[in-house]
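Trainee: I have a structure I would like to understand better, so I am pasting it below and will then ask my questions one at a time.
Computed from the coordinates by the stated procedures, all read-outs in this text should not be read as laboratory data. No experiment lies behind these values; they were computed from the predicted model shown. Please note: Cβ atoms are built from the backbone with ideal geometry, for glycine as well, and neighbour counts cover all protein chains shown.
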Amino acid sequence: MPRLFGTFGVRGLVNRELTPNTAFDLGLALATHLKNKGRVAVGHDNRTSSEMFEHAIVAGLTAGGCDVLRLGLTPTPVLSFGTRHFSCDAGIIITASHNPPEYNGIKFLDREGAGFERKRERVLERIVTGGGKLVSWKHIGHVSEADVLDSYIRAILERVSKFKYKWKVVVDCANAVGSVVTPRLLRELGCKVISMNCQLDGTFPGRKLEPVPENLGELARTVVACKADLGIAQDGDADRTIVVDEQGKILSGDRVFALVALHYLRKRKRPRIVTTIATSSVLDDVTKKLGGKILRTKIGEPEVVGEFRKRGGDIGGEENGGVFFFDWLLCREGIMTAVKFLDAMDRNGKSVSELNTSLPRYHQVKKRVECPNELKVRVLNTLSKRFAEYKLDRTDGLRVVFDDGWLLVRPSGTEPIFRCFAEAKTGGRVKELVELGLRELKLCIKAQKRAGR
Ligand code: MG
């Protein structure tokens, strides 16, 4: 059987790679894993297939003896909140995050609302392969429903005070599930919200779901045209947020994270920032400003949360705009990111561009090089020998640290490619670094191909 779980839980093309049968099997597997008792919170995004999968999962869970608390249409962070708020034994969110509408996915959360560790995912996989345990009719689980949105919004309003200024913000939820929370919450905090792509539509006609610059042109133009103070863009399940400044400039995910961290941690003593090796050096600058410590991990949400659980931390974040507020929830929190970003503007009385220029500027370039999967390990090893004279970090792939920048060469976990990523203080230097990386990488791949013949 092919592996069910990938980098982002279970994900696939609806009714081809991911079917309601699989969803049922996974629901039953979780119930079996929980020893055929307990209660599971289930929520879903607004994809056209999400309710279908929800029914199948609820059937699997109850057939395996688990009670189900149906939380309905919920962004991923809200389901994480709900799992803990209603003291459930686990949570399931049905979403394919930023993937196109024809995809869907299933993600499992533990009782603290954090994504399952790889180890537990593998346990579920084994149960699916061997077949879960159905219970007798007397032990079939009960199904109940609860509203979580109001409690979630109330909990945030208890933590964040209303803004002093009436910020004008364009909110672009991509017609996805963030629409049910983000505009409403920002209005309650005192913003003037102009909502864009905030009508729920599971075919996502407004824009592509990934909040990357090529999908945010219309938002940037709207911010400028409406003379708004900022734009907020979320991905398909609202666990990631990207910010656009008042001039229509799109901030990178790690800068959004850096600015939020700087503000969020301003009163903490020696705060600990957990981030991956792929985020900008601007995080090191922020950590220095705060007198804190930076912990760099492998790439991926489970790695960031795992590091927090092992060694502690105050905030976590990734280069794609995912931010973790560990004393709030143990998942990427795109909604709280938007709130905390506005809170930073409000308390400092500063525009997005003013906040952004208060941090050092860096240039980044990302490239890719094709490489057969079976050669990746050997290529990486020879590459690290070629860079032996520099400071190297082998946490995930190979990170070469120079005095004025860094280079990250990393094999993709899903495609036969290497990613080559460089950062430096000037445009010229970053070009040099990425070209150096590409040149050396191509030489190593060529050498390995020759050796393999
Ligand atoms: Mg997401």
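Trainee: How many lysine pairs does the range 10-148 hold where the Cα atoms are under 20 Å apart and the two sit 8 or more places apart or on different chains?
Mentor: Details: K35/K107; K35/K119; K35/K133; K35/K138; K37/K107; K37/K133; K37/K138; K107/K119.
Going through the range 10-148 pair by pair, I get 8.
Trainee: Here is a further query. Each residue of the range 392-404 in turn: what ³J(HN,Hα) in whole Hz from Karplus with 6.51, -1.76, 1.60 and θ = phi - 60°, glycine and Pro shown as x?
Mentor: 10, 10, 9, 3, 7, x, 9, 10, 9, 9, 9, 4, 10
Trainee: Turning to a different aspect of this structure: Given the DSSP H assignment, sum -39500 (n - 2.57) over each helix run of at least 4 residues in the chain and divide by its residue total; what's the result at 222 nm in deg cm²/dmol, nearest 500?
Mentor: Mean residue ellipticity at 222 nm (helix-derived): -11500 deg cm²/dmol.
Trainee: Tell me the relative contact order for the range 167-357 as a rounded percent, counting alpha carbon contacts under 8 Å between residues six or more apart. Please report the intermediate quantities before stating the final value.
Mentor: Details: 407 pairs, mean separation 38.1, N = 191.
Computed value for the range 167-357: 20 percent relative contact order.
Trainee: Taking the Cα of K168, stepping 7 Å toward and past its beta carbon, and measuring to each backbone N in the range 220-261: which are under 17 Å?
Mentor: Flagged as within label range: 220-232, 244-249.
Trainee: Taking amide H positions as placed 1.01 Å from N in the peptide plane, with prolines and chain starts having none, which residues 5 or more places from I194, or on another chain, fall under 5 Å of its amide H?
Mentor: Result for I194 returns V169, V170, V171.
Trainee: Check which residues have an amide H placed less than 5 Å from T297's amide H, if you skip close sequence neighbours.
Mentor: Those lying under 5 Å, H to H, from T297 are T275, T276, I277.
Trainee: List the aspartates and glutamates whose Cα sits under 14 Å from the Cα of K391, skipping any in the same chain fewer than 8 residues away.
Mentor: Partners found: D403, D404.
Trainee: 7 Å from Cα along Cα→Cβ at both S161 and K293: what's the point-to-point distance in nm?
Mentor: 3.2 nm
Trainee: Return P(r) of the range 1-93 (all Cα-Cα pairs; 5 Å bins starting at 0; whole %; ordered from short to long distances).
Mentor: Going from the shortest bin to the longest, the percentages are 3, 14, 24, 26, 22, 9, 1, 0.
Trainee: To continue, here is another question. Dividing the alpha-carbon Rg of the range 332-453 by 2.2 N^0.38 Å yields what? Don't jump to the answer; show the numbers that get you there.
Mentor: Numbers: Rg = 18.5 Å, N = 122, 2.2 N^0.38 = 13.7 Å.
In units of the 2.2 N^0.38 Å rule of thumb, it is 1.36.
Trainee: Still on this structure, please answer the following. Once the principal axes of the Cα atoms of the chain are found, what is the range along each, listed largest first in whole angstroms?
Mentor: For the chain, the Cα spread along each principal axis is 69, 65, 43 Å.
Trainee: List nothing, just return the count: lysine pairs in the range 207-297, 8 or more apart or interchain, with Cα separation under 13 Å. Numbers along the way, then the final one.
Mentor: Details: K267/K289; K269/K288; K269/K289; K269/K293.
Lysine pairs meeting both conditions in the range 207-297 amount to 4.
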